[in-house]
Amino acid sequence: MTPVGDQETLTGRAFIGEDFLLRDVAITVEHGRITAIEETAGAGGPWICPCFFNAHTHLADTIALDIPAGGDLASLVAPPDGLKHRILRAAPAADLMSGMRRSIEVMHASGTAGFADFREGGPEGVALLREALKNAPCRGVIFGRDGGERHADGLGIAHYRPGAGIEAAVAEARRQGKRIAIHAAEKDAGDLDAALELQPDLLVHCTHATGGQLRRIADEEIPVAVCPRSNWALGVAASPDHPPIARMLELGCRLLLGTDNVMFVQPDMTAEMAFVSLVYRIPARDVLRMAVAGSALFGEPHDIREGNMAAFVCVDPMRGNLRFSRDPLATFVKRVNASLIERIIYSMP
Ligand SMILES: [Zn+2]
């Protein structure tokens, strides 16, 4: 993160507004906020893009990075006794925190300025992530569980299970003014109707949501964080039909992009965007919108427009082969990675 001065003007080619229209501009930033955007004659300069927001992570399982493991979704990541949970329980707090810090650094280096994390481990788990976030260059939104939600921004439910007291936990979290997020339809559509009855603020996955369920999600305007690389890594997706991103966009679902478990997938939104673009053949503008949209849902939008906070990634197109791009937005989504980012401008709100 490069701190901006009290006032600074950046010139370059920026993806402006919510449609990311490429314009040659001079952007004035004062005290962390965009106060003016003026078109220029086009002198080149960096590509300026909104910072990403990673809408779904589990940072604590950094400590089990690429652990050799086979098995299905339940044996790997389902609470209470999936492999991941056994490892988390056995890990010293200092190791968990160090892992989370390192992953936050990875996220920042690849252009992410905020994330929403499902934090296991009750109140202690939430406290550890808060500690890891001290002086961090990213804003973290924390969904706790097992009592952790009382100290967090919201309640993060592993998945709907009848008779597990989920309705009561949701009612209590709502009473405390917390947000509700839940994994649903990751392996099949069976748990999604019950999840929808909870009227969550965020659904995670919806990998196998049916057409009817998707229409309801669109009608009720419930945001969905899709995590395609995680779905492939965990064997619950093997085609662009799952998650049904194209259909979701067609129906007008509000989509966000997340990277899910760090143990299987690097929390790098540039890699996630490239994957969605290549495998799901989603237009670059939609992919970038999914990668940025969480910023508005969980705080302030990163869109580049007057009055918004300054949250930009500056990429030098003269590095590597980017100067030959005939479509900078597509090139940005398909090819940018941390090594091409020359500067990240973000002031913590
Ligand atoms: Zn998850």
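Bear in mind these aren't lab numbers, they're just calculated from the coordinates by the rules spelled out. What you see is a predicted model; the values in this text were computed from it and never measured. Every residue, glycine among them, receives a Cβ derived from its backbone with ideal geometry; neighbour counts consider all protein chains shown.
Quick look at the numbers
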| item | result |
| --- | --- |
| Stokes-Einstein D for the range 27-172, Kirkwood Rh over Cα pairs, 4 °C, 1.567 mPa s (µm²/s) | 74 µm²/s |
| Dipole magnitude of the range 217-349 about its Cα centre (Cβ charges: Lys, Arg +1; Asp, Glu -1), debye to nearest 20 | 580 debye |
| Shape of the range 166-319, Cα gyration tensor, a/c cut at 1.5 | oblate |
| Top of Pro328, Pro162, Pro46 by mean-square fluctuation, Gaussian network on the chain, Cα under 10 Å | Pro162 |
| Whole-Hz ³J(HN,Hα) from phi, Karplus 6.51 cos²θ - 1.76 cosθ + 1.60, for the range 129-134, glycine and proline x | 5, 4, 5, 5, 7, 4 |
| Dimensions (Å) - the range 243-299, Cα atoms, principal axes, largest first | 32, 30, 17 |
| Ranked by how many other beta carbons lie within 10 Å on average, peptides 197-206, 339-348 from highest | 197-206, 339-348 |
| Sequence ranges 215-227, 231-243, ranked by mean other-Cβ count within 10 angstrom, highest first | 215-227, 231-243 |
| Cut-off 10 Å between beta-carbons: net charge of the residues surrounding Gly122, Lys and Arg +1, Asp and Glu -1 | -1 |
| HN-Hα J in Hz across the range 308-313 - Karplus 6.51, -1.76, 1.60, θ = phi - 60°, x for Gly and Pro | 6, 5, 7, 8, 10, 10 |
| Förster radius 41 Å - calculated FRET efficiency between Arg150 and Glu306, Cβ distance, rounded to 0.05 | 0.60 |
| Alpha carbon centroid spacing (whole Å) that separates the range 284-322 from the range 151-211 | 28 Å |
| 10 Å beta-carbon shell around His58, net charge (K/R +1, D/E -1) | -2 |
| Rg ratio (alpha-carbon, reference 2.2 N^0.38 Å) - the range 153-241 | 1.07 |
| Reduced Cα scattering model of the range 52-297, Debye log10 I(q)/I(0), q = 0.07, 0.12, 0.14 Å⁻¹ | -0.20, -0.61, -0.86 |
| Cβ charges +1 (Lys, Arg) and -1 (Asp, Glu), total dipole of the chain, debye | 420 debye |
| Relative contact order %, the chain, counting alpha carbon pairs below 8 Å whose residues are six or more apart | 22 percent |
| Net dipole in debye of the range 63-207 [+1 Lys, Arg Cβ; -1 Asp, Glu Cβ; about Cα centre; nearest 20] | 520 debye |
| Choice from Ala246, Ala185, Ala291 showing the highest fluctuation, given a GNM over the chain with Cα pairs closer than 10 Å | Ala246 |
